[in-house]
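Engineer: Have a look at this one before I ask anything.
The values are calculated or read from the model by the stated rules, or taken from the named source; none is laboratory data. Treat the numbers as computed from the prediction; the structure is a model and nothing was measured. Don't worry about glycine lacking a Cβ; one is built from the backbone with ideal geometry, like all the others, and counts go over all protein chains shown. Please note that ligands, DNA and RNA were not included when accessible areas were found on the heavy atoms of the full protein model with its side chains. Shrake-Rupley method; radii C 1.70, N 1.55, O 1.52, S 1.80 Å.
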Amino acid sequence: MTPATPPPVPQMLAERFTKAYSAFVDAVRAAVNEAAQNPALSGNRALLLWQTQALPMLEKEKASVENKMALYLIGEERSIVEAASDARHLAKRLDGLDLNFAGEEKGQKLDQLETNVVVAAYQVCAAAGVP
């Protein structure tokens, strides 16, 4: 008796996850850069945390997700599922960091993009049979 193989993850879901992650990180980078140039926001402690901790972490993870997507495209599916599994906890990992560091409107946009990442990650995991 052989162990059951997990169902394949549809490419559409893997791509949606990768694009959602990329869009979130790109929006964070743009918000950090914009806030850093605004004298009213540039001295904000929340901005400093995003500049020095959150953004570097997110950019590293984005590169990792993109590499794992490349592996997925050549038939290695496990890596993108692992990345999605980790990304399901993105909001928890960023807990305590104020998404409104660049203003309330930007914060709402970042919140929606973060939610998109988590939802897409859950979809990849569900398709792969990961609880």
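Engineer: Select, from ALA70, ALA40, ALA87, the only residue that is of a type outside the set (Val, Ile, Thr), at pLDDT 95 or above and loosely packed, with under 15 Cβ neighbours inside 10 Å.
Structural biologist: The conditions single out ALA70.
Engineer: Provide a single number: the residues in segment 114-131 that are touching a Leu at 6+ places or on another chain (Cβ under 6 Å) and open to solvent by 30 Å² or more (accessible area, probe 1.4 Å).
Structural biologist: Total satisfying the criteria: 1.
Engineer: Moving on to the next point. Yes or no: GLU82 surrounded by 14 or more Cβ atoms within 10 Å (Cβ to Cβ) and at pLDDT below 95?
Structural biologist: no
Engineer: Go through the residues of segment 68-83 one by one and say whether even a single one is β-branched (Val, Ile, Thr) and over 16 Å from the mean Cα position of the chain (by Cα).
Structural biologist: Within segment 68-83, one or more residues are β-branched (Val, Ile, Thr) and over 16 Å from the mean Cα position of the chain (by Cα).
Engineer: Separate question: Please find, within segment 11-37, the residue that is farthest from ASN116 (Cα to Cα) out of those that are open to solvent by 60 Å² or more (accessible area, probe 1.4 Å) and of a type outside the set (D, E, K, R).
Structural biologist: GLN37
Engineer: Which of the residues spanning segment 97-110 are among the charged types (D, E, K, R) and surrounded by fewer than 14 Cβ atoms within 10 Å (Cβ to Cβ)?
Structural biologist: Answer for segment 97-110, where residues must be among the charged types (D, E, K, R) and surrounded by fewer than 14 Cβ atoms within 10 Å (Cβ to Cβ): GLU104, GLU105.
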